[in-house]
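The values are calculated or read from the model by the stated rules, or taken from the named source; none is laboratory data. These numbers were taken from a predicted model, which means no experiment stands behind them. Note that we place each Cβ from the backbone using ideal geometry, even for glycine, and neighbour counts take in every protein chain shown. These area figures cover heavy atoms from the full protein model, side chains too; ligands, DNA and RNA do not enter into them. Shrake-Rupley method; radii C 1.70, N 1.55, O 1.52, S 1.80 Å.
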Amino acid sequence: MRPLLSRSPRPWLALLLACCLALLAACGGGQHHPAPGATTGDLTVTIGGLPAGVGGTVTVTGPASYSKTLTASATLTDLAPGAYAINAASVAQGTGTLAPTPVTQQVRVNAGTTASASVLYAAAAPMALRLQEVASGLSSPLFLTAPPGDSRLFIVERPGRIRVVQNGNLLATPFLDVSTLTTISGERGLLSMAFHPQYASNGYFFIYYTNLAGDIVIERRQVSAGNANVADPLSALTILTIAHPTFSNHYGGLLSFGPDGYLYAGTGDGGSAGDPPRNAQNTNVLLGKLLRLDVNASTVAQPYAIPPGNPFAGTAGGRGEIWAYGLRNPWRYAFDVPAQLLYIADVGQASWEEVDARPVGQAGNNYGWNIMEGAHCYNSASCNQAGLVLPVIEYDTGSAGNCSITGGYVYRGTALPALAGQYLYSDYCGGWLKSFSYSNGAASAVTDWGITNVGNILSFGQDAQNELYMLSGTGKVYRIVRK
């Protein structure tokens, strides 16, 4: 028989059993599982040295094709662990450049932590420009252009030839020779050309010249089927002839396709001084105007159509071809597609040269001549300025050897990023190179680039890559490049 003590409760054993059960429960049945940890990390990028309103260009790349471009300081979260590359690019500020330090760096991001990197911007040395000669021996080179996507340069010579620069060489055979159709008396001659936006497929280009009677002729031509450097001599189709009686000056002369696909033509007021017939203000004549034509389905029977939106289309108030009026001699104008602006450099009478800027889609603008010259009443102490477009910039021809504005382009190339958005212009007699910025209806940051001793500036040009050129009365063509 067992002792009576063996049947009595054993509290110490129950307590021991409870403790063991609790311990097993806490340990998951005796197996150890640690709490899950963080699987991503963060990266703080500090960007300093930038003035108010100027953003940086800092690109962060890393694992799993990660890429993020920052313009200001930021913390990037939930990044996969690994090495991240940080690349910083220079940014433009006015006509100067802000350069980053460092340009490139690598940072490692670990799980559960925040890595850091910094980029500091500071003003780089001011940009300087120079002219690089690309062609010489030309006869009054008046214009330079190129078909879309083409590496060649096409240079218009006033006596009636179009020359080609290919791979840096001026080809001996002209692309086109219409010298028998024009004369260089007064301000006459072959004045410009424009390639159709679909030139690569249709081969069409347009020329603007004065015929032997002194009238303005706009003509369509086509490249030859067998040689891309020679035009078909039998392809001429007259688009428009504009009578230009009595005087041999003020022909305007620029053809250009706008961003809307229509052909624009700038015509002078007919010549003499002061516009005696008041052609510029007369909307029933085509002189002293900016014309807008649809030439996309030109035939002999209908060489052009009037685009919808032309201000006098289908009305008795003026010619349907007119887009804008009140111009004296718009030798050169330019479309700035990114900003959707049209710049017109209108040659003054004797005192003031001007540049106008308006939205590209704004029809019916009256630029004021001969009511005004620049921002001043012409030949009068007062005048009615209601409804007139005033220039965004003007300069006095009575100083510094100036005589006649030569309008250029807004820079949209890639070789000179600090120049982006600047409108470049010159003066025929002054021979300098200047630029300004235009925004919110006002011009600012007028800069003289110190270009001298290159002769009379006949025109600017623009290639297919949007790089800019200056054409000199010395027969030379120069590319604008960094010094």
Quiz prompt | Under 5 Å, built H, 5+ apart or other chain: amide partners of Val410 | solution = Leu424
Quiz item: To the nearest 10 square angstrom, what accessible area does Lys68 show with a 1.4 Å probe?
Solution: 90
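Kindly identify region 310-386 as rounded, prolate or oblate by the Cα gyration tensor criterion: order the square roots of the eigenvalues as a ≥ b ≥ c, call it rounded if a/c is under 1.5, otherwise compare a/b with b/c, prolate if a/b is larger, else oblate.
Since a/c reaches 1.5 but b/c is at least a/b, the shape of region 310-386 is classed as oblate.
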Self-check item: Solvent-accessible heavy-atom area per residue, rounded to whole Å², over the chain at 1.4 Å
Solution: 45
Quiz item: What nm distance separates the two modelled labels at Ala363 and Val481, each placed 7 Å from Cα along Cα→Cβ?
Solution: 4.5
Quiz item: Hey, with R₀ at 60 Å, roughly what FRET efficiency would Ala125 and Asn384 work out to, going by the Cβ-Cβ distance, to 0.05?
Solution: 0.75
Practice problem: Could you tell me which label, among [x] 31, 31, 21; [y] 40, 37, 19; [z] 69, 25, 24, carries the value of semi-axes √(5λ) of the Cα gyration tensor in Å calculated for this structure? | Solution: [z]
Exercise. May I ask which residue of Val54, Ile155, Thr145 lies farthest towards the positive end of the charge dipole of region 34-182, with charges of +1 (Lys, Arg) and -1 (Asp, Glu) on Cβ and the Cα centre as origin?
Key: Ile155
Quiz item: Once amide H atoms are placed 1.01 Å from N in the peptide plane, what residues at a sequence separation of 5 or more from Leu191, or on another chain, have their amide H within under 5 Å of its amide H?
Solution: Tyr208, Tyr209, Thr210
Exercise. Determine the gain in length on full extension of the stretch His376-Ala38; use 0.36 nm per residue of separation and subtract their C-alpha separation, reporting nm with one decimal.
Key: 114.5 nm
Practice problem: Apply 1/(1 + (r/R0)^6) to the Cβ-Cβ distance of Leu171 and Thr77, taking R0 = 56 Å, and write down the FRET efficiency to the nearest 0.05. | Solution: 0.40
Practice problem: Using only Cα atoms, find the angle between the long axis of helix 11-26 and the longest principal axis of the chain, and express it within 0 to 90 degrees, rounded to the nearest 10. | Solution: 20
Quiz item: Got a number for the accessible area of Glu219? Probe 1.4 Å, square angstrom, nearest 10.
Solution: 10
Practice problem: Using a cut-off of 11 Å between beta-carbons, work out the net charge of the residues near Ser248 (Lys and Arg +1, Asp and Glu -1, Ser248 not included). | Solution: 0
Practice problem: Subtract the Cα-Cα distance of Asn87 and Gln302 from 0.36 nm times their separation in residues, and report this length gain in nm to one decimal. | Solution: 71.7 nm
Practice problem: For Asp269, Asp294, give the ranking by accessible area with the largest first, probe 1.4 Å. | Solution: Asp294, Asp269
Quiz item: Between Gly82, Leu287, Ser67, whose Cα lies farthest towards the positive end of the dipole of the chain when Lys and Arg beta carbons carry +1 and Asp and Glu beta carbons carry -1, centred on the Cα centre?
Solution: Gly82
Quiz prompt | Computed FRET value (nearest 0.05) for Thr246 with Ala52, which takes r as the C-beta separation and R₀ as 51 Å | solution = 0.35
Exercise. For n ≥ 4 DSSP H runs only, could you compute -39500 (n - 2.57) per run for the chain, divide by its residues and tell me the 222 nm figure to the nearest 500?
Key: -1000 deg cm²/dmol
Exercise. State the percentage of accessible surface on region 324-407 attributable to carbon and sulfur atoms; use a 1.4 Å probe and exclude ligands, DNA and RNA.
Key: 49
Quiz item: Given a 1.4 Å probe and every protein chain left where it sits, what share in percent of the accessible area of region 36-108 is carbon and sulfur?
Solution: 52
